[in-house]
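First up is the structure itself, then whatever we jot down about it.
The values are calculated or read from the model by the stated rules, or taken from the named source; none is laboratory data. Nothing here was measured: the structure is a model prediction, and the numbers come from that model. So basically every Cβ, Gly included, is an ideal-geometry build from the backbone, and we count neighbours across all protein chains shown. When the accessible area is computed, the model is the full protein with side chains, heavy atoms only, and any ligands, DNA or RNA have been set aside. Shrake-Rupley method; radii C 1.70, N 1.55, O 1.52, S 1.80 Å.
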Amino acid sequence: QVQLVESGGGLVQPGGSLRLSCAASGSILSFNTMGWYRQAPGKQRELVAAIRTGGSTNYADSVKGRFTISKDNAKNTVYLQMNSLKPEDTAVYSCNARQRLMDYWGKGTLVTVSS
């Protein structure tokens with residue numbers, strides 16, 4: 001059984017930084033892709049960043065140059081480093097793990113960017 005638990009969300013001022021963590025109950029090497037999605041109130045869920053088993057990454061255009069996704073296989077954890085945060089980054093951020101035909105989701109962590 002797969003469980004994903006996010007942490008690191010909170011309130012931050014514009015221009016600030018935050019690092020999110022996603023801890024998996026098993027080896028993250030079991031997943032083809034892991035990523036971070038976000039959903040703002042009244043908006044569609046969107047892919048923020050993803051990382052594949054081999055380490056290749058992709059990002060939404062809106063976060064390129066500001067966000068970095070990484071992983072620690074030994075700790076079964078995926079990270080999202082967020083810099084130069086903007087109010088429009090405010091959303092619930094959820095961790096996703098994809099394995100074969102299955103998608104697994106964490107419960108999400110709230111990030112609020114406000115002065």
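Points worth noting:
- Taking 7 Å steps out from each Cα toward its Cβ at Asn83 and Lys64 produces label points 1.7 nm apart.
- Positive-end ranking of Gln1, Leu11, Thr90 along the dipole of the chain, with charges on Cβ about the Cα centre, is headed by Gln1.
- The chain, accessible area per residue, ligands and nucleic acids excluded (1.4 Å, Å²): 56
- For the chain, with all protein chains in place and a probe radius of 1.4 Å, 47% of the accessible heavy-atom surface sits on carbon or sulfur.
- A straight Cα-to-Cα reach below 22 Å connects Lys71 with the lysines Lys107, residues fewer than 8 places away in its own chain not being considered.
- Label-zone membership for the stretch 21-39, site Gln1, 7 angstrom Cα→C-beta point, backbone N under 16 Å: 24-27
- Cβ charges +1 (Lys, Arg) and -1 (Asp, Glu), total dipole of the chain, debye: 140
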